[in-house]
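Input: a single structure, listed below in structure tokens.
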Amino acid sequence: MKYDLHNHTYYSKCSNLKPEILIKAAKKKGMDGIAVTDHNTMKGALEARKLNKDKDFEVILGEEIGTNFGDVIGLYLKKEIKSKEFFSVIDEIKAQDGLIIIPHPFRTSSNPNHLFKLPFEKIKNKIDAIECFNARMLPGDNEKSQVVAKRLKIAGTGGSDAHFKFEIGKAYTIFEGSLRRAIKQKKTRYEGTILYGPFGGLLSFFRRRLF
Ligand SMILES: [Zn+2]
Ligand SMILES: [Zn+2]
């Protein structure tokens, strides 16, 4: 199975993606599923879930929460996460039986939320995965995540961090059977390209400021 586990919609200020376009494009690019992970809201995820009528395509309800120590992704959520404090966010996601992924922990960026500020040694038992391939990273950033995940034996995932149509499916997670089980058993793999990332980042920058 191939799932792109990090996607935004127009409910994120830095994206213009309609949920129906996200689903269509992801399927066209060979994805078997996606996670919709808007910044601090589940509106896009809920809309996408409602639009998806295909039983062979899974839409995972997610959210990317900006916490005091950096971004956190919750998957398989039932309701929006209230807190912005890292450890409370973790507790809220766990209480919903969701999965916790730390996205782009070593991303080179001017946005302070893009860098994760806690040592993974300290939290490795509290999280389910590290995003080891994010398509918006600069050369070397993903490799740092991969080294840490391997050293600490934390599952790795891939996601495009798509905010625009051309970015969808540019990174994804590969697994067999159920995603939840594959992550828990650390049997996921990931693939992707960062070739289109800088262009997407630039468009997000302008979208946030101009529209
Ligand atoms: Zn992020
Ligand atoms: Zn994101």
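The values are calculated or read from the model by the stated rules, or taken from the named source; none is laboratory data. Model, not experiment: these values are computed from the prediction. As a convention, Cβ positions derive from the backbone with ideal geometry for all residues, glycine included, and neighbour counts pool all protein chains shown. The area values use the complete protein model at the heavy-atom level, side chains included, leaving out ligands, DNA and RNA. Shrake-Rupley method; radii C 1.70, N 1.55, O 1.52, S 1.80 Å.
Working only within region 53-79, note down all residues that are within 16 Å of ligand 2 (Cβ to nearest atom) and of a type in the set (D, E, K, R).
Those that are within 16 Å of ligand 2 (Cβ to nearest atom) and of a type in the set (D, E, K, R): 63, 64, 71.
What's the total number of residues in region 52-66 that are open to solvent by less than 70 Å² (accessible area, probe 1.4 Å) and either charged (D, E, K, R) or assigned to a loop (DSSP other than H, G, I, E, B) (or both)?
6
I'm checking my understanding of the structure. Among residues of region 1-51 that are closer than 18 Å to residue 99 by Cα, outside any strand (DSSP E or B) and charged (D, E, K, R), which one is farthest from ligand 2 (Cβ to nearest atom)?
It comes out as 49.
To keep it simple, each residue is scored yes or no on (1) among the charged types (D, E, K, R); (2) in contact (Cβ under 8 Å) with a residue 40 or more places away in the chain; (3) farther than 13 Å from residue 3 by Cβ.
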| residue | (1), (2), (3) |
| --- | --- |
| 132 | no, yes, yes |
| 167 | yes, no, yes |
| 176 | yes, yes, no |
| 190 | no, yes, no |
| 198 | no, yes, yes |
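Looking only at region 65-76, decide whether some residue is under 23 Å from residue 193 (Cα atoms) and over 16 Å from the mean Cα position of the chain (by Cα).
Within region 65-76 (the criterion being under 23 Å from residue 193 (Cα atoms) and over 16 Å from the mean Cα position of the chain (by Cα)), the answer is no, since none of the residues qualifies.
Just checking, how many residues over region 123-162 are in contact with a helix residue (DSSP H, G or I) (Cβ under 6 Å, 6 or more places away or on another chain) and open to solvent by 10 Å² or more (accessible area, probe 1.4 Å)?
Summing the residues that are in contact with a helix residue (DSSP H, G or I) (Cβ under 6 Å, 6 or more places away or on another chain) and open to solvent by 10 Å² or more (accessible area, probe 1.4 Å) in region 123-162 gives 7.
If you go through region 156-168, how many residues are in contact with a strand residue (DSSP E or B) (Cβ under 8 Å, 6 or more places away or on another chain) and more than 15 Å from ligand 2 (Cβ to nearest atom)?
1
What number goes with the only condition from (1) over 17 Å from the mean Cα position of the chain (by Cα); (2) buried (at least 20 other Cβ atoms within 10 Å of the Cβ) that residue 37 does not pass?
Result: residue 37 fails condition (1) only.
Among the residues of region 111-127, write down those that are within 13 Å of ligand 1 (Cβ to nearest atom) and out of contact with any strand residue (DSSP E or B) (no Cβ under 9 Å at 6 or more places or on another chain).
111
Hey, residue 53 hits all of (1) farther than 21 Å from residue 19 by Cβ; (2) without any contact (Cβ under 8 Å) to a residue 40 or more places away in the chain but one; which does it fall short on?
So the condition that residue 53 fails would be (1).
Residues in region 81-109 that are surrounded by fewer than 16 Cβ atoms within 10 Å (Cβ to Cβ), of a type in the set (Asp, Glu) and touching a strand residue (DSSP E or B) at 6+ places or on another chain (Cβ under 9 Å): how many?
So the answer is 1.
Take region 106-137 and flag every residue that is under 22 Å from residue 8 (Cβ atoms) and not in a loop (DSSP other than H, G, I, E, B).
Scanning region 106-137 gives 106, 112, 113, 114, 115, 129, 130, 131, 132, 133, 134.
Could you list, in sequence order, the residues of region 163-200 that are hydrophobic (A, V, I, L, M, F, W, C), over 17 Å from residue 31 (Cα atoms) and either open to solvent by 100 Å² or more (accessible area, probe 1.4 Å) or assigned to a strand (DSSP E or B) (or both)?
Passing the criteria: 195, 199.
Show the residue pairs meeting these rules: Cβ distance below 9 Å; 6+ apart or different chains; first residue within region 78-99 and closer than 15 Å to residue 38 by Cα; second residue open to solvent by 70 Å² or more (accessible area, probe 1.4 Å).
Note: pairs meeting the criteria are 78/97; 80/43; 84/68.
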